[in-house]
Amino acid sequence: MSKSTKVDLVFLFFTAIWGLSFPLTKNVLGYTSIFAFLSLRFTSAAVILIIIFWKKLKLINTKIILYGSLIGLMFFGSLAFQVASLRFTTSSNSSFISALSVVIVPLVSAGYYKKKIDFSCVLGVLFAVVGLFFISGGVNFKLNIGDLFSFLCAICITFQIIFIDIFCSKCDSALLSLIQVVFCAIFYNIVLFIIGTKPIVFNTQLTVSIFITGILGTAVAYTGIVFLEKFTSPTHTALIFCAEPVFATIFAMFIPNNNGSCESITINTFIGCGVILLSMVISELKIGNNIPQKIIKL
């Protein structure tokens, strides 16, 4: 197994954690505001990372702050735009359009590095888009401001992945990860202060959700991505992240909501999950090595 494949498997594990966060977060949002939850999630992650990397804090310089803040801005924007989109559009539109970063990433990456896109990745991206369409239950093409917010979310995700790929080779990965999480924590707390919130109800459910989404899903996962993305490509990273709704669907089938019921899988969801998983397999097959270069260029 190559190093890049091992990294892809680690990223798949991180994606599974994010998928698990969906049903957990949905339950918590029954009695906690979204920005209160995001504030707790990122503040806890920031505190953990500061404790872990406190010896490196003296190495922070202007370049690390700038690079980390740019990544953090994209991170903050992706979640903020996605939350805002759900006020004006359907969840299926939001999930499908925001996940189109899987298409944008290879285009931006190829343009920046001036490299042609591997044919297997192109094929994997096409399958991923089809899978996302099915898993979202189809898209209502009566576009509105919420769909625009979803697209801006996709743009933010794209540049978060690209910036990590560019900056992680130029400065300390640990501090880069720390700064992006601290940036988000600060700005989510600012938003929370501005809009206000009802008193937060701390219980076992909220504590477990903060641990999984804040400690594992943010502190561990995003630090791991900053450390490891240099061993794989941005396109592979984006493709793997497409498995997030697949894991979210699987976990939602077993984790009951606040009413005590679990979600059931539809035929569209089943097909979508299968096609997305197939897209990741295709991207690893290096099909382009056996196809004439003229076809690849097309």
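Okay, here's what the table says:
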item: Fraction of alpha-carbon pairs over 26 Å apart in region 127-265 - percent; result: 42
item: Of the DSSP H helices in the chain, those whose Cα atoms cover at least 30 Å axially and whose Kyte score averages 0.5 or more; result: 3-28, 62-85, 145-167, 173-195
item: Flagged links, alpha-carbon separation over 21 Å, of Lys6/Lys116; Lys116/Lys230; Lys26/Lys198; Lys63/Lys230; Lys114/Lys230; result: Lys6/Lys116
item: Over the chain: helical MRE at 222 nm, DSSP H runs n ≥ 4 each giving -39500 (n - 2.57), nearest 500; result: -22500 deg cm²/dmol
item: Net charge of Cβ neighbours under 11 Å - reference Ser209; Lys, Arg +1; Asp, Glu -1; result: +2
item: Sites Ser33 and Ser264, calculated FRET efficiency, Cβ-Cβ separation with R0 45 Å, nearest 0.05; result: 0.95
item: Cα-based equivalent ellipsoid, the chain: semi-axes from gyration tensor eigenvalues, Å; result: 29, 25, 17
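Where a number appears in this text, it was derived from the coordinates with a stated rule and is not lab data. Everything numeric here is computed off the predicted structure, so don't read it as measured data. Glycine gets a Cβ as well: all are built from the backbone with ideal geometry, and neighbour counts include every protein chain shown.
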